[in-house]
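Note sheet for the following structure.
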Amino acid sequence: MFQPVRSSTSPADLDHLESSEAARAWLAMLRTSQTGFGARAEVEVLLDGLSKAIDRVLAEHAGMSAELIGVYEQLGVVFDVTGKLPSVNTEPEVVRLFAESLRRSFAGAEVSVVRAKRAPTLVADGADDEWLSERIARARELATVIVERRPSSDTGGSETETMIGPVFAGGDFVSAIVLARSAKAPSYRASDMLLVEALTTFCGDLVRNHRLVHELRELSLAMVRALVNAVDQKDEYTSGHSIRVSFYAALLGKKHGLSAADLQMLQWSALLHDVGKIGIRDDVLKKTSRLTEEEFRHIKEHPVRSHKVVEQVPQLAGALDGTLYHHEHYDGCGYPSGLKGEQIPLQARIIQIADVFDALTSTRSYRPANDWRGALAIMAAEAGKTVDPHLRKVFDELIRAQLEGKEEGWAQLTQRANHFAQDSEEFDEPQVKPVTVGVRAGSDSRNGAGQGP
């Protein structure tokens, strides 16, 4: 009988065959072994160990493949989300963006967003849902993704498998993204849960950043309002003027089709267009009689002074045109540079329309206010002279659309204008000004040189 060639590796060592290299080594050994009938039992042991080793290798590769697919899916969704982020501006839009991305990733799953409410009960898609509310509360408490099967008796249909991902902005619960699909579909994998967890975390971070940006913007607006109010306090007749100009300019800019970024710079520019008046002498600013030539030259310095203040803030570079050129006239007779027509930047032409309208509808130390119809009539006569004729027409139509046939329309519009920079929904009662007509737009009855407000 042939004597088997024994391997130095014992059967116990077969448990350590965890790689394809080890499996190939055993195959090579079997091919070179001279075995007889009596060695069959040992060969069977070796083959059994080899089979188990190959099974482990295949299982490892399958797990690695699933993991790689999961990572690839995560990266794909993240790239999809980040590519669309520039188009979202609010918290709900951020959350909806992530929900839409998950809807595409989990084909066949129903994806919904459940928002946090002030009341303890959560509401999903406008309807009370006790089962879902309880699970969301649990996911919120655990601060992690959970998966549960929802019985058919609860849904009135077939059994579903539901995955819930809570979204937190810092320590604040924002919402939950809920994915539900038929229990007959393949079960959610660990990689699916990791994907939802990664995206809800990313979503929460973006919401938190959005809130921080909003808070910084509010702080910046508050500081600008404080500066503008300091200027307004120099003359009781111009109190609130800059805020109202910002409101009217934003209305016109939006109607004209400016982008969100340009509208923001327009608002900043309009708020700050008269900040240079803080350097104008009170005896000139508050004078009720005709200005001398020297006094008029002095007050005409305020656009340049405003420009010098605003240019110190690099983030407001987009607001400089309006602060410097809002007193240029369409016919070239304005100041400080004598620009004409569309040489005047669009931002400045919009602010000039708003500036003139508010000046005409406000009481000044040297004249009473015009009503809104009278102000629009004066501006129509000045089209192509002081103001841009096209923008004047758009503004005229805009104001008439808001006020014609509305008895309380003017009071409501001025309320909105007076509170525009504060983003408030509650308004104080307006003070109705005396009515008169006949002052040239952008002019000052104290002189004949066409001084603006």
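Each reported figure results from applying straightforward, stated rules to the coordinates on display, with no laboratory input. Everything quoted here is computed from the prediction, not taken from an experiment. All Cβ positions, even for glycine, are placed from backbone atoms using ideal geometry, and neighbour counts span all protein chains on display.
Could you work out the percent of alpha carbon pairs in the range 276-422 separated by over 24 Å, rounded to a whole number?
Of all Cα-Cα pairs in the range 276-422, 40 percent lie more than 24 Å apart.
How high is the relative contact order of the range 233-422, given as a whole-number percent (alpha carbon pairs under 8 Å, six or more residues apart)?
25
Could you work out the local net charge near T144, counting Lys and Arg as +1, Asp and Glu as -1, over the other residues with Cβ closer than 12 Å to its Cβ?
Taking every other residue near T144 into account, the sum is 0.
Amide H of D371: which non-local residues (sequence gap of 5 or more, or other chain) have their own amide H closer than 5 Å, using H built in the peptide plane?
T436
Name the residues whose placed amide hydrogens come within less than 5 Å of the amide hydrogen of V174, ignoring near sequence neighbours (fewer than 5 apart) on the same chain.
Those lying under 5 Å, H to H, from V174 are V167, F168, A169.
Dipole magnitude of the range 233-422 about its Cα centre, charges +1 at Lys/Arg Cβ and -1 at Asp/Glu Cβ only, in debye to the nearest 20?
The calculated dipole for the range 233-422 is roughly 100 debye.
Counting pairs of alpha carbon atoms under 8 Å apart in space and at least six apart in sequence, what relative contact order in percent does the range 90-211 give?
After rounding, I find 27 percent.
With a cut-off of 8 Å between alpha carbons and a minimum separation of six or more residues, what is the relative contact order of the range 176-323 in percent?
Relative contact order of the range 176-323: 20 percent.
Using 1/(1 + (r/R0)^6) with R0 = 22 angstrom and r between the beta carbons of H214 and V78, what's the FRET efficiency to the nearest 0.05?
Taking R0 as 22 Å, the efficiency between H214 and V78 is 0.40.
If we restrict to alpha carbons, what Rg and Dmax does the range 90-211 come to, in Å?
Calculated on Cα positions, Rg and Dmax stand at 13.6, 42 Å.
Consider a paramagnetic label point 7 Å from the Cα of V309 along Cα→Cβ; state which residues of the range 241-269 have an amide N under 14 Å from it.
The answer is 241-243, 268-269, whose backbone nitrogens lie closer than 14 Å to the label point.
When N counts the residues of the range 289-332, how does its alpha-carbon radius of gyration compare numerically with 2.2 N^0.38 Å, as a ratio?
Against the compact-globule rule of thumb, the ratio is 1.38.
Could you order peptides 399-405, 109-115 by the average number of other Cβ atoms within 10 Å of their residues, highest first?
With the highest mean Cβ count within 10 Å placed first, the list reads 109-115, 399-405.
Calculate, in nm to one decimal, what K385 and K234 gain on full extension: separation in residues at 0.36 nm each, minus their alpha carbon distance.
51.3 nm
Restricting things to alpha carbons, find the Rg to Rh ratio for the range 146-302 using the Kirkwood radius for Rh.
Answer for the range 146-302: 1.34.
Of the options S239, S182, F168, report the single residue whose Cα projects farthest towards the positive end of the charge dipole of the range 160-255 (beta-carbon charges: Lys, Arg +1; Asp, Glu -1).
Going by the Cα projections, it comes out as S182.
Between W131 and A226, what FRET efficiency follows from the Cβ-Cβ distance if R0 is 45 Å, with the result rounded to 0.05?
With a Förster radius of 45 Å, E is 0.30.
P(r) of the range 243-301 in 10 Å steps, Cα pairs, percent per bin?
22, 34, 25, 18, 1
How far apart, in nm, are the 7 Å Cα→Cβ label points at L85 and E301?
4.7
Tally Lys/Arg at +1 and Asp/Glu at -1 over every other residue whose Cβ is under 10 Å from the Cβ of L391; what's the total?
Once all neighbours under 10 Å are counted, the net charge is +2.
Would you mind counting up the charge near D172? Only other residues with Cβ under 10 Å from its Cβ, with Lys and Arg at +1 and Asp and Glu at -1.
+2
Out of residues 5 or more away from I146 or on other chains, whose amide H comes under 5 Å of its own, with H placed 1.01 Å from N in the peptide plane?
HN-HN under 5 Å from I146: I164.
Between E407 and E342, what length comes free when the chain is fully extended (0.36 nm per residue of separation minus the Cα-Cα distance, one decimal in nm)?
Length gained, E407 through E342: 19.7 nm.
Using a 10 Å cut-off on Cβ atoms, rank the peptides 378-386, 356-364, 269-277, 335-343 from the highest mean neighbour count down.
Highest mean packing first, the order is 269-277, 356-364, 378-386, 335-343.
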